[in-house]
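K.L.:
Below is a structure I'd like to ask you about.
Every read-out reported here was derived from the displayed coordinates using simple, explicitly stated rules and does not represent laboratory data. What you are looking at is a predicted structure, and each value in this text was computed from that prediction instead of being measured. Methodologically, a virtual Cβ is constructed for each residue, glycine included, from the backbone with ideal geometry; neighbour enumeration extends over all protein chains shown.
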Amino acid sequence: MSEGLQKQLQASLAFALERTSPRQAVQQAVKALPQPTAVLAVGKAAGPMLAGLEDAGLHLPGFGVTRYGHGRPLEHYELLEAGHPVPDEASVQAAERALELARALGPDGHLLVLISGGGSALWCAPWGLDLEVMKDLNRALLASGAGISEMNAVRKHLSRIKGGRLAQATRARVTALLVSDVPGDDVSTIASGPTAPDPTTFADALAVLERYQIDIPAARAHLELGAAGELLETPKPGDPLFSRVENEILLANSDLLRAAASFWEKEGWQVLTLSDRLQGEARELARFHAAVIDSTRARNLPRKPPFVLLSGGEATVAVRGNGRGGRNLTFLAWLAYFLGSDGVWALAADSDGIDGSSPAAGAILRPNTLARAAELRLDLRDFLARDDSHGFFEALGDLVITGPTGNNLNDLRVILVE
């Protein structure tokens, strides 16, 4: 029975990813578009999205860029690889090349931009500071526990391509098709919104550095100049340039959750989906899920077991130790901690196949995880203190390894409440 539930959990992830294919979504979406004249693709799903163009018979001038290790051979398009989550020189070259292509298009052109999560690092056109400082800033933001919208408010005001500036750089009509990796599917946040109006300001970006005590003098100096009105702001909502720009969400975390729900319903389970946009520290999300589980067991609220509990969105982790792991592994480790001996079967995974600094997508939690850990003399509290959730689940043999999935729709959390 236990082996069967483990396989079902992993099968539900595979099924949900198959049903939310960026390749198929692009192939269908471009059928309704006026003929584009050029294409740019950026993000962890850039390869499948360009493959969808090929499937539709569109062979346009242009190229794509994705994370190292996420590339794939394409028949008609060049797919570059660059640094993520910290940008590198290849990220700078890809951004400069994208801006050059956009500037070359005239008013009769139609630029198709295929955007997925990861684009903030993969297109890096530093403004006001050099690449090494940008790397330091990104590392500090990633370790701070800041939310994705907060991080991207900073990135947009230190870039010549983010925050609507790619759309601003071209005279052509722009259509952006987006695979969303942000809670709420805000087009101005996905990949730092290169084709979207930016509601944030230099002052907002400065406030993020203050809130998380990030001390990068060169970044602060640039943002202070902007806040004082010495630098041009990103294009805002209502700017006339966006009359020739269309941003369309192709796939989102809600689609991933619906696909997972259909899997479990076919398996005969009742399903309760909490939300597609849960945010906050992984520890606190785990505490919340544990409270929901305890309530169902004690009071049949919000419903009577057995059922499958699904949730999505994106947690954060304020890194203090030197271990490995990401938000999903950390979530599961804390869920085990809060539930104690009254454990559950659960899976939490990043839909791109890479959970933070771990090579795993996520892990499986078992009802007897803590008992098995005790037999192996593994102290969960010690692993949590070192931010080494990867090491904990690796020692138990419960990591979920998918490799790069070619997708990026935030996180999938599946809990079997029996």
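K.L.:
Taking neighbour Cβ counts within 10 Å as the exposure measure, how do M151, M134 sort from fewest upward?
P.N.:
On the way: M151 24, M134 27.
The most exposed by this proxy come first: M151, M134.
K.L.:
By count of other Cβ within 10 Å, fewest leading, how are I214, I190 ordered?
P.N.:
Numbers: I214 19, I190 30.
If I rank by nearby Cβ atoms, fewest first, I get I214, I190.
K.L.:
Within the range 217-235, list the residues whose amide N lies under 11 Å from a label point set 7 Å along Cα→Cβ of E210.
P.N.:
Under cut-off, by backbone N: nothing.
K.L.:
Related question: When a footprinting reagent is the concern and you count Cβ atoms within 10 Å, what order do H84, H157 take, fewest first?
P.N.:
Numbers: H84 25, H157 29.
The order, fewest Cβ neighbours first, is H84, H157.
K.L.:
Let me ask something additional. What helices does the chain have that are whole DSSP H segments, at least 24 Å long along their own axis by Cα, and with mean Kyte-Doolittle hydropathy of -0.5 or more? If you can, show how the numbers build up before the last one.
P.N.:
Values: long enough: 2-19 (26 Å, -0.25); 282-299 (25 Å, -0.30).
Answer set is 2-19, 282-299.
K.L.:
Can I ask one more? Taking a ≥ b ≥ c as the square roots of the eigenvalues of the Cα gyration tensor of the range 170-238, is the shape rounded (a/c under 1.5), prolate (a/b larger than b/c) or oblate? Write down the numbers at each step before the final one.
P.N.:
Working: a/c = 2.67, a/b = 1.53, b/c = 1.75.
Oblate.
K.L.:
Let me ask another. For the chain, what is the charge dipole size about the Cα centre, in debye to the nearest 20, if Lys and Arg each add +1 at the Cβ and Asp and Glu each add -1 at the Cβ?
P.N.:
Working: 40 positive and 50 negative charges, 130 e Å.
In total the dipole reaches around 620 debye.
K.L.:
Follow-up. Given the rule -39500 (n - 2.57) for each run of at least 4 DSSP H residues, summed and divided by the residues of the chain, what is its mean residue ellipticity at 222 nm, to the nearest 500 deg cm²/dmol?
P.N.:
Details: 16 runs with 171 residues, N = 418.
The per-residue figure over the chain is -12500 deg cm²/dmol.
K.L.:
While we're looking at this one, here's another question. In straight Cα distance, which lysines are under 19 Å from K7, not counting same-chain residues fewer than 8 positions off?
P.N.:
Counting by Cα, and skipping residues close in sequence, K7 has these lysines nearby: K266.
K.L.:
Right, something else. For the chain, which span is the longest to avoid every loop-located (per DSSP) member of trypsin sites (Lys or Arg not before Pro) having at most 11 other Cβ atoms inside 10 Å? Intermediate values should be presented prior to the final figure.
P.N.:
Numbers: sites that count: R320, R377.
That gives 1-319 as the longest site-free run.
K.L.:
I would also like to ask the following. Structure shown: which of K44/K156; K44/K135; K31/K156; K31/K162 lie over 25 Å apart, alpha-carbon to alpha-carbon?
P.N.:
Values: K44/K156 19 Å; K44/K135 19 Å; K31/K156 32 Å; K31/K162 28 Å.
The answer is K31/K156; K31/K162.
K.L.:
Do me a favour and compute the ellipsoid semi-axes for the chain from its Cα gyration tensor, root of five times each eigenvalue, largest one first, whole Å. Let's see the in-between values first.
P.N.:
Numbers: eigenvalues 280, 124, 65 Å².
Working from the Cα gyration tensor, I get semi-axes of 37, 25, 18 Å.
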